[in-house]
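Engineer: After the structure tokens below, expect a handful of questions from me.
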Amino acid sequence: MDRDLTSLAARLRALPPSCGPVRLVAVDGHAGSGKSTFAGLLADALGGAPVLHTDDLATHEELFAWGDRFREQVLEPLSRGEHARYGIYDWVRREFTEQRELPPAPVVVVEGVGTGRRTLRPHLACLLWMELAPEHSWERGQLRDGPALAAFWNGWIPAERGHFAADPSRPYADLLVRQGQTGYEIHVGPSGAL
């Protein structure tokens, strides 16, 4: 286990709850920056913390307009110490096809582009930003997704630019995450809160 991840997990567990009994931790960054991988490793370092992927809440028509769903299905129940139940969007069928349950665990990790948005920040114990330039992130994402999703990426990139222009996350990040040669490096973010 990466020593910085173990140390980060200990720091996160020591934070005061931010959403009812839950310490909500967001992992934000550009598409393709490694958010899902990092969130999974962080969840393991936290002893199996649940992870919510905002790709499950977004849709083709609402790439970034999932905030109301997140508030109603996730934030409100967790703030009451209840299990959250949220719909899972099927990107092939283009509809919500199943439900997932999320317990009010001591730490819940939320990962996805825009998880550091202004409407979520008041409910976050910590905002982590994956520090990778957008061009490198998008290149990695396109390589990961292959040519079949080229048209999707042609629409995604301007939509992501527009989202972060209107509602940037990085300036409010508590911590910046860089992938180094030997693991992840965690640095104090622009907000300097942690």
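The values are calculated or read from the model by the stated rules, or taken from the named source; none is laboratory data. Quick caveat: nothing in here was measured; it's all calculated off a predicted structure. Every residue, glycine among them, receives a Cβ derived from its backbone with ideal geometry; neighbour counts consider all protein chains shown.
Engineer: Taking the options A39, A84, A14, A43, name whichever one is under 19 Å from D174 (Cα atoms) and more than 16 Å from the chain's Cα centre (by Cα).
Structural biologist: Values: A39 fails: more than 16 Å from the chain's Cα centre (by Cα); A84 fails: under 19 Å from D174 (Cα atoms); A43 fails: more than 16 Å from the chain's Cα centre (by Cα).
Result of the check over A39, A84, A14, A43: A14.
Engineer: Of (1) farther than 24 Å from E131 by Cβ; (2) in contact with a His (Cβ under 7 Å, 6 or more places away or on another chain), S36 satisfies all except one. Which?
Structural biologist: Of (1) farther than 24 Å from E131 by Cβ; (2) in contact with a His (Cβ under 7 Å, 6 or more places away or on another chain), only one is false for S36: (1).
Engineer: Considering each residue of segment 1-51, count those that are in a loop (DSSP other than H, G, I, E, B), surrounded by fewer than 19 Cβ atoms within 10 Å (Cβ to Cβ) and modelled with pLDDT of 95 or more, and give that number.
Structural biologist: So the answer is 8.
Engineer: Return the residue satisfying two criteria in turn: it lies in segment 63-94 and is of a type in the set (K, R) and out of contact with any strand residue (DSSP E or B) (no Cβ under 9 Å at 6 or more places or on another chain), and of such residues it is farthest from I157 (Cα to Cα). I'd like the intermediate steps shown before the answer.
Structural biologist: Initial filter on segment 63-94 (of a type in the set (K, R)): 69, 71, 80, 85, 93-94.
Now drop any that are not out of contact with any strand residue (DSSP E or B) (no Cβ under 9 Å at 6 or more places or on another chain), which leaves 71, 80, 93-94.
On the way: R71: 25, R80: 36, R93: 22, R94: 20 Å.
Looking at the filtered set, the residue picked out is R80.
Engineer: Of everything in segment 46-72 that's under 14 Å from P103 (Cβ atoms) and not β-branched (V, I, T), which residue is nearest to the chain's Cα centre (by Cα)?
Structural biologist: First, the residues of segment 46-72 that are under 14 Å from P103 (Cβ atoms): 46-52.
Checking which are not β-branched (V, I, T) leaves us with 46-50, 52.
Values: L46: 16, G47: 18, G48: 16, A49: 14, P50: 12, L52: 8 Å.
Step by step, filter segment 46-72, then rank; the result is L52.
Engineer: For residues in segment 28-66 being touching a residue at least 40 places away in the same chain (Cβ under 8 Å) and of a type in the set (S, T, N, Q), which is farthest from E111 (Cα to Cα)?
Structural biologist: S33
Engineer: Just checking, how many residues over segment 82-98 are charged (D, E, K, R) and outside any strand (DSSP E or B)? Give the steps one after another, and end with the answer.
Structural biologist: Of segment 82-98, the ones charged (D, E, K, R) are 82, 85, 90, 93-95, 98.
With the extra rule that they be outside any strand (DSSP E or B), the set shrinks to 82, 93-94.
Qualifying residue count, segment 82-98: 3.
Engineer: Would you confirm whether any residue within segment 87-110 is farther than 20 Å from L176 by Cα, touching a residue at least 60 places away in the same chain (Cβ under 8 Å) and touching a Leu at 6+ places or on another chain (Cβ under 6 Å)? Walk me through it before giving the result.
Structural biologist: Here is the first cut: in segment 87-110, the residues farther than 20 Å from L176 by Cα are 87-106.
Within this subset, residues satisfying the condition of being touching a residue at least 60 places away in the same chain (Cβ under 8 Å) are 104-106.
So of that shortlist, the ones also touching a Leu at 6+ places or on another chain (Cβ under 6 Å) come out as 104.
The answer is yes; a qualifying residue exists.
Engineer: Here's another thing I want to ask about it. For segment 139-149, give me the residue count where each residue is over 14 Å from G32 (Cβ atoms) and of a type in the set (G, A, S).
Structural biologist: As a first pass, look at segment 139-149 and keep what is over 14 Å from G32 (Cβ atoms): 147-148.
Restricting the remaining residues to those that are of a type in the set (G, A, S) gives 148.
The number of residues fulfilling the criteria is 1.
Engineer: Within segment 67-81, take every residue that is touching a residue at least 40 places away in the same chain (Cβ under 8 Å) and farther than 21 Å from L12 by Cβ and give me the one that is surrounded by the most Cβ atoms within 10 Å (Cβ to Cβ).
Structural biologist: Step one: list which residues in segment 67-81 are touching a residue at least 40 places away in the same chain (Cβ under 8 Å), which gives 67, 70-71, 75, 78-81.
The next check asks that each one be farther than 21 Å from L12 by Cβ; those that pass are 67, 71, 80.
Details: G67: 18, R71: 14, R80: 13.
Only one residue fits best here, namely G67.
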